[in-house]
Amino acid sequence: MGKTNLLDAIHYLCMTRSAINTIDSQNIFDGEKYFAINSTIEAEKNLRVNCYFEAGKKKIIKVNGAEVQKLSDHIGKIPCVLTTPDDNEIIKEGSEIRRKTFDAMISQSNRHYLGLIIHYSALLKQRNAFLKQNDGRFNLNKKLLETYDQQLLPLNKEIAQERAKFLAAFTPYFQRNYNDIFSGAEKVGIGYKSDGTKENFKQIFVSSLDKDIVTQRTNVGCHKDDFVFRLNDKPVKKFGSQGQQKSFIIALKLSEYDFLKSIKENDPLLLLDDLFDKLDDERIAQIINLVNDRDRFSQVFVTDARRDRSEELFKETSNVHFFEIENGAVKNL
């Protein structure tokens, strides 16, 4: 009916992109030429934030009528945390989605890191294009390759250091949140695997050149890093139940919220899509208790397919508002 779209629209205004489909042209309603999202955000002072995208043209973000010149400058200004049922892919899929998840977390709190990632991605794209143009030949232009490598090597090291530094600060929040959701004897942890943290990283990078030429892509670097999720010293992906995996993801998101709140001027928005999916009654009760803490959470959006369940769960919650969405239209109940 449009519940997820509503939360994604908020995500667009905060992060300048959709969390569901990052290809802007595919978010235009069928048969239309553009989409627009308009909002008023009440913080210390009211902000009017608008997003406009027309097919074939650049995306425009405006704050109080003034266009944001660099979209990356807007990220982190209105912090938000979104979890959706598709977040189980963070556990089940490959390393790329975990890197993107943590890159988004770090970028909202660390503008320097966001700049590093943008610069690294551009250089990596150029290096891979050069390798592809070379078509597997070993007599390539090594001078040009060295130009890319001289910039990529220090970037790799700095990005790996920033990720490791973030994870060290983030882990205590995560362990506390998981224990709050599931008050058992489970031990959880997040590890970080990166060649960029190794002393001999340059040697590892250079020794991969022959493989890079043959495969026509860069095989070593922070674009291959991974974050390892563990439960009782075993991979959550293989040994965690659906409820444990869902709890792991929610703890991850609540910890992102806590971390951002600790360093940002404005409290983040917390967006919980289909929150109760795959959770037993005990864990649902624990999460409701957490979300009801108004000293901790300023504004929370929760979607649920069952109106009766939500009304029962939040019946003793103060300052709660229920809305029904039907065919994309919002009704205040």
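Of everything in the stretch 169-197 that is of a type in the set (D, E, K, R) and within 28 Å of LYS132 (Cα to Cα), the residue that is surrounded by the most Cβ atoms within 10 Å (Cβ to Cβ) is ASP195. Against the test of being closer than 17 Å to ILE181 by Cα and either surrounded by 18 or more Cβ atoms within 10 Å (Cβ to Cβ) or of a type in the set (D, E, K, R) (or both), the options GLU265, GLU256, GLU311, GLU324 yield a single qualifying residue, GLU256. Of all residues in the stretch 180-191, one or more are part of a helix (DSSP H, G or I) and either farther than 16 Å from VAL220 by Cβ or aliphatic (A, V, I, L, M) (or both).
Checking the stated criteria, LYS142 turns out to be over 22 Å from GLN108 (Cβ atoms), over 30 Å from the mean Cα position of the chain (by Cα) and of a type in the set (Lys, Arg).
Per-residue answers, yes or no, for (1) among the β-branched types (Val, Ile, Thr); (2) in a helix (DSSP H, G or I); (3) under 23 Å from ALA104 (Cβ atoms):
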{"site": "THR4", "(1), (2), (3)": "yes, yes, yes"}
{"site": "ASP8", "(1), (2), (3)": "no, yes, yes"}
{"site": "TYR12", "(1), (2), (3)": "no, yes, yes"}
{"site": "ARG17", "(1), (2), (3)": "no, no, yes"}
{"site": "THR22", "(1), (2), (3)": "yes, no, yes"}
{"site": "GLY31", "(1), (2), (3)": "no, no, no"}
{"site": "ASN38", "(1), (2), (3)": "no, no, no"}
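Give the residue, chosen from ILE23, ILE60, that is in contact with a Phe, Trp or Tyr (Cβ under 6 Å, 6 or more places away or on another chain), without any contact (Cβ under 8 Å) to a residue 12 or more places away in the chain and not polar (S, T, N, Q).
Step by step, each of ILE23, ILE60 is checked, and only ILE60 is in contact with a Phe, Trp or Tyr (Cβ under 6 Å, 6 or more places away or on another chain), without any contact (Cβ under 8 Å) to a residue 12 or more places away in the chain and not polar (S, T, N, Q).
Within the stretch 219-227, does at least one residue satisfy the condition of being assigned to a helix (DSSP H, G or I), more than 19 Å from SER109 (Cα to Cα) and over 20 Å from the mean Cα position of the chain (by Cα)? No, there is no match, as no residue in the stretch 219-227 is assigned to a helix (DSSP H, G or I), more than 19 Å from SER109 (Cα to Cα) and over 20 Å from the mean Cα position of the chain (by Cα).
Where a number appears in this text, it was derived from the coordinates with a stated rule and is not lab data. Predicted model, so just to flag it, every value in this text is computed and none were measured. Here the Cβ is made from the backbone with ideal geometry for all residues, glycine too, and neighbour counts use every protein chain on show.
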